[in-house]
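Everything below concerns the one structure shown next.
Just so it is clear, none of the values below were taken in a lab; they were calculated from the coordinates. Values in this document were obtained by computation on a predicted structure and should not be read as measured data. Glycine gets a Cβ as well: all are built from the backbone with ideal geometry, and neighbour counts include every protein chain shown.
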Amino acid sequence: MATVVERERKFSGDEGFRLPDLTGCGGVVTMSDATGSELDAVYWDTDDLRLLRSAHALRRRTGGHDAGWHLKVGAVGGARVEHQFPAGAADAGPPAELVALIRGASRGRPVAPAARIVNHRRERRLLDADGRVLAEVAEDDVRSEDLVDGTARTWHEIEVELVDGDEELLDAVSARLAGAGAREVSVSKSHRAVAGRLARFDDRAPTGPAGPVVGYARKQRDAIVGNHAAAYQGDADAVHDMRVAIRRLRATLRTFRGLWDRRESEAVRGDLRRLGGDLGAVRDVQVLTARLAAAVHELPDELVLGPVAARVGERFAADLAGSATALRAALDDDRYPDLLSRLDRLLDAPTGEVNRRWVDRRVRRAVRRADERLDRALADRGPAGDTTLHEARKKYKAARYAVEVRVPDAGKPAARLVKRLKTLQNLLGTHQDSVVTREALRRHALRAYAEGENTFTYGLLHARQAEAAGHDLPAVRRALDRARRPGVRRWLKP
């Protein structure tokens, strides 16, 4: 399977639109002659169009240089990831490799042909003075058919996709096209093909005091789904983002738990916690591997005694392979799409009647509890001190997420507090990273000793981590003082 990142913008042109000369835009000195092709694509989706509603597009296309199965993930207008897989001569449906990548978006439900799009394309390349292809510009005469209700549409569309160019080039080309009468569009061809059926689904958050809370929770659910494909393949950033979305969602369901059925929301939180644990097992190994590799690299050669870097790499590679296999098994398990479906039902139908004062009270309580927990942790420098600091960090995460809910309404004051809480959380996170790294070094040293290897370097790295941790606490206290300044929290008062 090939994976590419697609950065493009789409435009609609009225009948009679003529593509302008694009030389001079962002370093373009040559605009090639047009080459034509005929593209025929069938888009697959669930009966309730879950893929399109989750910013996924699955198609089987013939014609063009990249014919085959394609899965696009991401919204039009931003960077979209495209997974490409060869098509068989008589495919009965999408290949299993792609089905695994859409289990989050489809909620595990079967997909079937939803739309057909036939496209006559004229494509030109934009080149710089050295002959590099900066972008490709495609003019498309499109005919679509909704394969469920039979609706047919035709339109003219222009796509500009970056190759070696940058966003400044896109901006310049967009301005030139707008001057020629083109209008930027924010929906894909597949959206336009089934627009009538899509209009039946209202995925907007409810209005009123509960609206920001529900909207925030849905955003985290969508982040889980949006990162599923890349996380399944082990992408470090996607694993991290999916894990953070789960944390945010669990915290929101707890902080504002009066909005939902208590028994079901707690059950969903428990299942989210287990999924977060599978993601965490992968992410923690990824972070530790990078952290220890950097620490060993920073040491002078004469202080690295024995095959330290090689041993650390070997042992973490085995750990990562095991945790990645466990994560894929969790995402392949039927309990995963079932969890997302239960989450949909929970977020689509809040049961609690609340007002703005209730929401603000829950936010204040989350911040107050974090403050109290950190005060106790800073006062407790006994054997359990590191554990209590870690618990305080988790409380500040929950507090930060609660404040984030209010940013759309409260504006800069809430955003300022979020920034201060994030700084505090990051400092506590650095301290916890040191704790985890020291424990990993201790385990590696014991294993190296048992295998007859020199353990000097492990001890040196352990001491350096302990010394760095000692510098964290004064910074934590300073950050706490900044986060507690009256001007930062005034908007939180009743």
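Mind listing P(r) for the stretch 273-361? All alpha-carbon pairs, 10 Å bins, whole percents.
In whole percents, the pair-distance histogram is 13, 27, 21, 18, 13, 7, 1.
Where the convex hull is taken over the Cα atoms of the stretch 197-326, what is its projected area averaged over directions, in nm²?
Values: hull surface 44.8 nm².
Computing the convex hull of the Cα atoms and averaging its projections yields 11.2 nm².
Given the options 231, 173, 151, identify the residue whose Cα lies farthest towards the positive end of the charge dipole of the stretch 143-240 (+1 on Cβ of Lys, Arg; -1 on Cβ of Asp, Glu).
About the Cα centre, the residue reaching furthest to the positive side is 151.
For the stretch 135-274, what is the convex hull (Cα atoms) projected area averaged across all directions, in square nanometres?
Values: hull surface 51.4 nm².
So the Cα hull casts an average projection of 12.9 nm².
Amide H of residue 115: which non-local residues (sequence gap of 5 or more, or other chain) have their own amide H closer than 5 Å, using H built in the peptide plane?
For residue 115, whose amide H was placed from the backbone, the distant partners under 5 Å are 43, 147.
Treat the stretch 2-198 as a sphere of radius equal to its Kirkwood radius over Cα pairs and apply Stokes-Einstein at 10 °C in a medium of 1.306 mPa s; give the translational diffusion coefficient in µm²/s, rounded to a whole number. If you can, show how the numbers build up before the last one.
Values: Rh = 17.5 Å.
Result for D is 91 µm²/s.
Return one number: the angle in degrees, 0 to 90 and rounded to the nearest 10, between the long axis of the Cα atoms of helix 262-298 and the longest principal axis of the Cα atoms of the chain.
Orientation of helix 262-298: about 80 degrees from the principal axis.
With every atom except the alpha carbons ignored, what do you get for Rg and Dmax of the stretch 149-221, in angstroms?
17.8, 46
What does the charge count near residue 349 come to, summing +1 for each Lys or Arg and -1 for each Asp or Glu among other residues with Cβ under 11 Å from its Cβ? Could the numbers behind the result be given before it?
Numbers: positive: 345; negative: 261, 264, 344, 348.
Around residue 349, the surrounding residues sum to -3.
Please compute one quarter of the surface area of the Cα convex hull for the chain and express it in square nanometres. Don't skip to the answer; put the middle values down first.
Numbers: hull surface 115.5 nm².
Average of the hull's projected areas for the chain equals 28.9 nm².
Run through all the Cα pairs of the stretch 285-326 and give the fraction in each 10 Å bin from 0, expressed as whole percent.
It works out to 28, 50, 18, 4, in whole percents.
Could you work out the equivalent-ellipsoid semi-axes for the stretch 211-492, taking the square root of 5 times each eigenvalue of the Cα gyration tensor, largest first, in whole Å? If you can, show how the numbers build up before the last one.
Numbers: eigenvalues 268, 132, 39 Å².
Value: 37, 26, 14 Å, ordered largest first.
Report the Stokes-Einstein translational diffusion coefficient (µm² s⁻¹, integer) for the stretch 71-137, Rh taken as the Kirkwood radius over Cα pairs, at 4 °C with viscosity 1.567 mPa s.
Numbers: Rh = 15.5 Å.
The diffusion coefficient I find is 84 µm²/s.
Residue-wise, which Karplus ³J(HN,Hα) couplings in Hz belong to the stretch 446-453, taking 6.51 cos²θ - 1.76 cosθ + 1.60, θ = phi - 60°, and x for glycine or proline?
So the Karplus estimates, Gly and Pro as x, are 4, 5, 4, 4, 4, 9, x, 9 Hz.
Could you work out Rg/(2.2 N^0.38 Å) for the stretch 431-494, with Rg from alpha carbons only?
Working: Rg = 19.1 Å, N = 64, 2.2 N^0.38 = 10.7 Å.
Against the compact-globule rule of thumb, the ratio is 1.79.
When only DSSP loop residues count, what GluC sites (Glu not before Pro) in the stretch 387-455 have their Cβ near at most 15 other Cβ atoms within 10 Å?
Values: sites: 391, 404, 439, 451, 453; in loops: 451, 453.
Here the GluC sites (Glu not before Pro) that fit, given the DSSP loop and packing criteria, are 451.
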